[in-house]
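Nothing in this text is a laboratory measurement; each read-out follows from the coordinates by a stated rule. Bear in mind that the values here come from a model prediction, so they are computed numbers and not experimental data. Positions of Cβ are backbone-derived with ideal geometry, glycine not excepted, and every protein chain shown enters the neighbour counts.
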Amino acid sequence: MDVVESTSDVFNKVLDWKGQHGRVAFVPTMGNLHAGHLSLVEKARGLADKVVVSIYVNPMQFGAGEDFDTYPRTLDADKKALIEAGVDLLFLPSNETMYPGPSANSTVSAQVYVPELSEILCGAGRPSHFLGVTTIVNKFFNIVQPDVAIFGQKDFQQVAIIRRMVSDLFMPVEIVALPTTRESDGLAMSSRNQYLTENERNKASLLSELLSQMSETVANGADIASIEAKGAEILVLSGFEPEYFSFRDPVSLSQLTHAQKDMVVLVAAKLGSTRLIDNRLFSCETLSNSA
Ligand code: PAF
C-alpha cells in the first residue's frame, strides 16, 4: 500500500492506473477504522481494480463544541488494517492541503452545498455539518477521480445528500451504499460508540431494537405520527435525549404522513454526552410507491 500526503501523488497514481484502463474505487473515511469501514473496502475491491482510501478528520463538518479535538485518531492501527484489506493507496492530506485558504486555520473555501436536504434531520441540529461534508467529498472526488465511491448506509442522510450533489453537478462517479455493520446486540458500529460508559453501552442497543419494532408496526398499518411520538417517548423514558425519530421517503427524505412501499425510519439521540444515529430501510409490501 502506498501512503501519500499530496494531491499530485494521488493524481499521478490514478492517472497511471487509468492509463492502463483500471477502474478506481474510493472509500473516504475519518479513520479509527472498524469492521464497518473494512466492509466498504472489501466491497470496493470487488468493484474496481484499484482501491483508494482517505483518512482525514475534516474540521469543516464539526460544529463549535463538537468532538473534533477528541475524535479518535488511530493511524498506526488503521494503516495495518488497510494493508491487510488489500488497499492500494492511502491518502492522508493535511488541513493546509484540503483548505488552502488565506489563513492557516481557515476552513472556509469554495463550498458545495445541497440545500434543503442538508437542513433537515441531522442538519437541523448541526447547521453546517453537511456543508462541510459535501465540500470535502467534492474536493476528494476532484483529487481521486474515482469511478465508484462507497459509503455506509448508517449515515443515511449523508448518502442521500451526496447522491443529490453527484446528480445535480453531473459528477462522473457512481455512489454505492452498503448496509450498516452492527455489533452482536444490534448497535450500529461507530467510532463514537467508544465514548459510551458501560451503563450507556448496555442501553444503546435500544435504538436498533426500536427501529425494528416501530418499522414493523408502521408496515402493518399503524399511524406514523403516533408511532413517531411513541418512539421518542420510549427513548426519553429509557434515558436518551432524542433529536428526532422520523419516518421519511428514502430518496427525498420528505416526511411521511402515510405508509408507502419504501420507507426509512431515522433516529438521532444523545445518550449521556454521546450523540448516536441509526436508521432502518424497510418496505411495506402491500403498498406501491404511488399509493
Ligand atoms: O462519513 C464520514 O466518515 C465523513 O463524513 C466523510 C464522508 C469521510 C467526509 O469527511
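Please identify the GluC sites (Glu not before Pro) of segment 202-269 that satisfy two criteria: DSSP loop assignment and at most 14 other Cβ atoms within 10 Å. Which are they? All intermediate terms of the calculation are to be shown ahead of the outcome.
Details: sites: Glu209, Glu216, Glu228, Glu233, Glu243; in loops: none.
Passing both the DSSP loop test and the Cβ count: no residue.
With r as the distance between the Cβ atoms of Leu169 and Asp2 and R0 = 30 Å, compute the FRET efficiency 1/(1 + (r/R0)^6) and round to 0.05. If you can, show how the numbers build up before the last one.
Values: r = 29 Å, r/R0 = 0.97.
For Asp2 and Leu169, the calculated efficiency is 0.55.
So for the chain, averaging the separation of alpha carbon pairs under 8 Å that are six or more residues apart and normalising by length, what relative contact order in percent results? Could the numbers behind the result be given before it?
Details: 495 pairs, mean separation 47.0, N = 291.
Relative contact order comes out at 16 percent.
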Descending principal axes extents, segment 32-85, alpha-carbon based, whole Å: 40, 20, 15
Segment 38-148: radius of gyration and largest Cα-Cα distance (Dmax), Å: 15.4, 41
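Hey, what's the Cα Rg ratio for the chain versus the globular rule of thumb, 2.2 N^0.38 Å?
On the way: Rg = 19.5 Å, N = 291, 2.2 N^0.38 = 19.0 Å.
Against the compact-globule rule of thumb, the ratio is 1.03.
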Convex hull volume of segment 1-52 per residue (C-alpha atoms, cubic angstrom): 79
³J(HN,Hα), Karplus 6.51/-1.76/1.60, whole Hz, each residue of segment 128-133, x for Gly, Pro: 10, 4, 6, 4, x, 5
Whole-Hz couplings from phi, Karplus 6.51/-1.76/1.60, listed for segment 187-198; x for Gly and Pro: 4, 5, 5, 7, 4, 6, 4, 6, 6, 6, 6, 4
Rg/Rh ratio calculated on Cα atoms of segment 55-94 (Kirkwood radius): 1.06
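Would you kindly state how much longer the chain becomes between His258 and Ala64 on full extension, computed as 0.36 nm times their sequence separation minus their alpha carbon distance, in nm to one decimal? Could you put the intermediate results ahead of the total?
Working: separation 194, 0.36 × 194 = 69.84 nm, distance 3.70 nm.
So the chain would gain 66.1 nm between His258 and Ala64.
Over all directions, what mean area does the Cα convex hull of segment 183-291 project, stated in square nanometres? Present the calculation step by step, with values, prior to reporting the outcome.
Working: hull surface 27.2 nm².
Computing the convex hull of the Cα atoms and averaging its projections yields 6.8 nm².
Where both residues lie in the chain, what percent of DSSP beta bridges are antiparallel, nearest 5?
Taking every DSSP beta bridge within the chain, about 50 percent pair in antiparallel fashion.
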FRET E, pair Asp9, Ala35, Förster distance 25 Å, beta-carbon r, rounded to 0.05: 0.30
